[in-house]
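Since every read-out is calculated from the coordinates, none of them should be taken as a lab result. Small disclaimer: the values here were computed from a predicted structure and weren't measured. Neighbour counts run over all protein chains shown; Cβ positions are idealised from the backbone, glycine included.
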Amino acid sequence: MPDLTQERAGVPVLVCAPDGPPVATEQDVLDLIGATYFGAEVVAVPVSRLDERFFTLSTRFAGEVMQKFGNYRLRLAVVGDISRHLAASSALRALVHESNRGEQVWFVPDLDALDARLRGAA
C-alpha cells in the first residue's frame, strides 16, 4: 500500500503506509513534507516507519522532525503503540503528554483516534 492522501474527519491527511520507507534522516522527513503538496494538512506516520532514534530524545531526532513539520506549518501524527518506548523514558512520556495537549504533533494509537482528534480540532 502506498502513502495516500485521504480525507479524514474533513481534513486532508497523508496516511503513510506501515511498510513504506523508513523515516531515518532529514531528507526522509523532507520527502514526506514534499508529498503534502498534493493538499495534505496532516501527515500520519506509523510508528513502524520511524527510526528508533526518534524515541531516544538525546539523539535530538524527534525534535528535528517535529521542528521541520512546524516550519512547514504541517501537523504530524505518530500512529501506533509506543508503550515500550514510554516505559523506558520519562522524558518521552513528558514530550508525548505535552504534544498531545497541543495542535501540532499528536501521538495516537490508531487512525480512529486520529479522526477523533481531528474532529475535536476542526
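May I have the extent of the alpha carbons of the stretch 55-97 along their three principal axes, as whole Å values ordered from largest to smallest?
Reported extents, whole Å, longest axis first: 31, 21, 14.
Which residues in the stretch 21-65 place their backbone N less than 19 Å from a point set 7 Å from the Cα of Ala116 along the Cα-to-Cβ direction?
Under cut-off, by backbone N: 44-47.
What Kirkwood Rh does the stretch 1-61 have if only Cα atoms enter the pairwise 1/r average? Answer in Å. It would help to have the intermediate numbers written out before the result.
Values: mean 1/r = 0.0824 Å⁻¹.
After inverting the mean inverse Cα-Cα distance, the result is 12.1 Å.
Quick check: net charge around Gly120, other residues with Cβ under 14 Å of its Cβ, Lys/Arg +1 and Asp/Glu -1? Walk me through the intermediate numbers first.
On the way: positive: Arg8, Arg75, Arg101, Arg117, Arg119; negative: Glu103, Asp112, Asp115.
My count for the surroundings of Gly120 gives +2.
Let me have the 222 nm mean residue ellipticity of the chain computed from DSSP H runs of 4+ only, each contributing -39500 (n - 2.57), with the sum over all residues rounded to the nearest 500.
Numbers: 5 runs with 50 residues, N = 122.
Only helices count here, giving -12000 deg cm²/dmol.
Could you work out the per residue convex hull volume over the alpha carbons of the stretch 26-73, in cubic angstrom? Kindly include the intermediate steps, with their values, before the conclusion.
On the way: hull volume 3.4 nm³, N = 48.
Measuring per residue, one finds 70 Å³ for the Cα hull of the stretch 26-73.
Can you give the percent of C-alpha pairs in the chain whose distance is more than 21 Å?
Values: 2267 of 7381 pairs.
For the chain, the fraction of Cα-Cα distances above 21 Å is 31 percent.
Considering only the other residues whose Cβ falls under 15 Å of the Cβ of Leu86, what net charge follows from Lys and Arg at +1 and Asp and Glu at -1? Please report the intermediate quantities before stating the final value.
Working: positive: Arg84, Arg93; negative: Glu52, Asp81, Glu98.
Local charge sum for Leu86: -1.
Residues with beta-carbon under 10 Å from that of Gln104, excluding Gln104: net charge, scoring Lys, Arg +1 and Asp, Glu -1?
Working: positive: Arg73, Arg75; negative: Glu103.
That sum, taken over residues with Cβ under 10 Å, equals +1.
If you wrap a convex hull around the C-alpha atoms of the stretch 72-122 and split its volume per residue, what is the figure in Å³? Can you show the working numbers first?
Values: hull volume 3.9 nm³, N = 51.
So the per-residue hull volume is 76 Å³.
With charges only on Cβ, +1 for K and R and -1 for D and E, what is the dipole size of the stretch 6-113 about its Cα centre, in debye, rounded to 20?
On the way: 10 positive and 14 negative charges, 62 e Å.
Here the size comes out at about 300 debye.
Ranked from highest to lowest mean number of other Cβ atoms within 10 Å per residue, what is the order of the peptides 59-70, 83-94, 35-46? Each step should come with its number before you reach the end.
On the way: 59-70: 16.2, 83-94: 12.7, 35-46: 17.7.
The most tightly packed comes first, giving 35-46, 59-70, 83-94.
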